[in-house]
Amino acid sequence: MKKIAVSAGLIFLGVTIFSNPARAWDDVGHKLTAYIAWQNMTPVARERVIEILRAAPEDAQLSTFYMSYGSQSKAEREREFFVMIASWADFIKDKGFPVRYKTYSNSNWHYSDTFWHFEDGKVVMDADVEKNGFAMDKLDEFSKLIRSSASDKDKAIAVAWLIHIIGDIHQPLHVSAKTTKSYPNGDQGGNLFFLTPKGTPRAEQENLHGFWDSIIDRTVPNTKDECDSAYLDPIGDKIMAAYPYDKEKKDLEPGEFVKWKDESLDIATNFAYRNIEFFKKPSDDYQQKAFRISEKQIAKAGYRIADLFNSAFGAAVVKDAAGKAQN
Ligand SMILES: [Zn+2]
């Protein structure tokens, strides 16, 4: 944590350009969430999740991430596969793979916006605004599907989306759409809240959504260009040490997806949009606080994924005579 405080002044030197209106924690945020989940899953749940993911339909190009590198052990291989899958829902946005894109990518499954505005500094919810984003619906659907008698092929897609969506809704800007006179239909999770001066060329613009998506790797950049595991594991271990499972357990609210979303919305309305100005770079203080909040959100997302899979798959898997797993 000390290292982070020291580097706070350098944060904006290493700033990455997030001009594309992204709607996700970036790769680092998602993979950290999955790493933390994996560390808290039971051996039985891990085994079953890997079995399911490897049964994914071929055109989803999901099981292809079960790769092997040199002398890697089976346990390392499985963990890296699981961590990689956290970003599968983003990989498939690539239109260069049209079949995969058309069959599996859904840009509006990554968020569920609640519309609100400030009135004299107070948060007021907007009524009668058209629904925007289906993350919450999909959480409900997929969490039921993984416990059903659906095929492992279908469960694989559900598991991959669950790892991703649970991560996404812990990013406060994925559940929020702030309305103003200029943006009566909301600011698209902060994608329209610009942090760069007016007139900045589009390719160099930065916005509040991207700021939160990429906060971990901007604060703790991968300066040595290390591989995922060498870079991410120590960050994940630090987050788990700062917010241990045993302490967070009482607030994890298993299965209470709406409560998870509301916590995130509370951060958006009561922190993310305060002490920040349009067309201005956030202060170092804001950046540090946002980083700490994000660490805790990532910890909780990881623990909640682990709880969900432990509860769905953690019981001993019974195999029938043909060796086929049964729940
Ligand atoms: Zn996403």
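Where a number appears in this text, it was derived from the coordinates with a stated rule and is not lab data. Small disclaimer: the values here were computed from a predicted structure and weren't measured. Methodologically, a virtual Cβ is constructed for each residue, glycine included, from the backbone with ideal geometry; neighbour enumeration extends over all protein chains shown.
For the range 190-271, which trypsin sites (Lys or Arg not before Pro) pass both filters: DSSP loop (anything but H, G, I, E, B) and at most 11 other C-beta atoms within 10 Å?
Passing both the DSSP loop test and the Cβ count: Lys198, Lys224.
Roughly how tilted is helix 257-267, in degrees to the nearest 10 and between 0 and 90, from the longest Cα axis of the chain?
So the inclination is approximately 30 degrees.
How far, in nm, would the chain grow between Ser149 and Asp59 when pulled straight, counting 0.36 nm per residue and subtracting the alpha carbon separation?
Going from the current span to full extension adds 30.2 nm.
Which of rounded, prolate or oblate describes the range 151-303 when judged by the alpha-carbon gyration tensor and an a/c cut-off of 1.5? Intermediate results must be reported in sequence, preceding the final value.
Working: a/c = 1.62, a/b = 1.34, b/c = 1.21.
In terms of gyration-tensor shape, prolate.
So what J values fall out for the range 68-79 if you push phi through Karplus, 6.51 cos²θ - 1.76 cosθ + 1.60 with θ = phi - 60°, rounded to Hz, Gly and Pro as x?
10, 10, x, 8, 4, 6, 4, 4, 5, 4, 5, 5
Counting other beta carbons within 10 Å of each Cβ, put Thr179, Thr114, Thr223 in order, fewest first. Let's see the in-between values first.
On the way: Thr179 17, Thr114 21, Thr223 9.
With the fewest neighbours first, Thr179, Thr114, Thr223 line up as Thr223, Thr179, Thr114.
To the nearest 20 debye, what is the magnitude of the charge dipole of the chain about its Cα centre, counting +1 on the Cβ of each Lys and Arg and -1 on the Cβ of each Asp and Glu?
That gives a dipole near 280 debye.
So which of Lys138/Lys296; Lys178/Lys300; Lys131/Lys259 end up more than 20 Å apart by C-alpha?
Lys138/Lys296; Lys178/Lys300
Can you work out the FRET efficiency for the pair Asn185 and Asp228, with r the C-beta to C-beta distance and R0 = 41 Å, to the nearest 0.05?
0.65
Compute the signed sum of charges (Lys and Arg +1, Asp and Glu -1) over the other residues within less than 14 Å, Cβ to Cβ, of Cys227.
Charge balance near Cys227 sits at -3.
Restricting attention to the alpha-carbon atoms of the chain, what are Rg (one decimal) and Dmax (integer), both in Å?
19.8, 68
What is the fewest-to-most order of Tyr69, Tyr231, Tyr286 by other Cβ atoms lying within 10 Å of their Cβ? Mind showing how you got there, number by number?
Details: Tyr69 10, Tyr231 19, Tyr286 16.
Arranged by neighbour count, lowest to highest, Tyr69, Tyr231, Tyr286 become Tyr69, Tyr286, Tyr231.
Can you tell me how much longer the chain between Ser68 and Val99 gets when fully stretched, taken as 0.36 nm per residue apart minus their C-alpha distance, in nm with one decimal?
Details: separation 31, 0.36 × 31 = 11.16 nm, distance 2.57 nm.
Extra length available between Ser68 and Val99 comes to 8.6 nm.
Starting from the Cα gyration tensor of the range 223-316, take the square roots of the eigenvalues, sort them a ≥ b ≥ c, and report rounded, prolate or oblate (rounded when a/c is under 1.5, otherwise prolate if a/b is larger than b/c, else oblate).
Cα axes put the range 223-316 in the oblate bin.
Aspartates and glutamates near Lys198 by alpha-carbon distance under 17 Å, same-chain residues fewer than 8 away left out - which ones?
Result set, ordered by chain and number: Asp187, Glu206, Glu277.
Lysines within cross-link reach of Lys153: Cα-Cα under 16 Å, excluding same-chain residues under 8 positions apart?
Lys153 reaches Lys144, Lys324.
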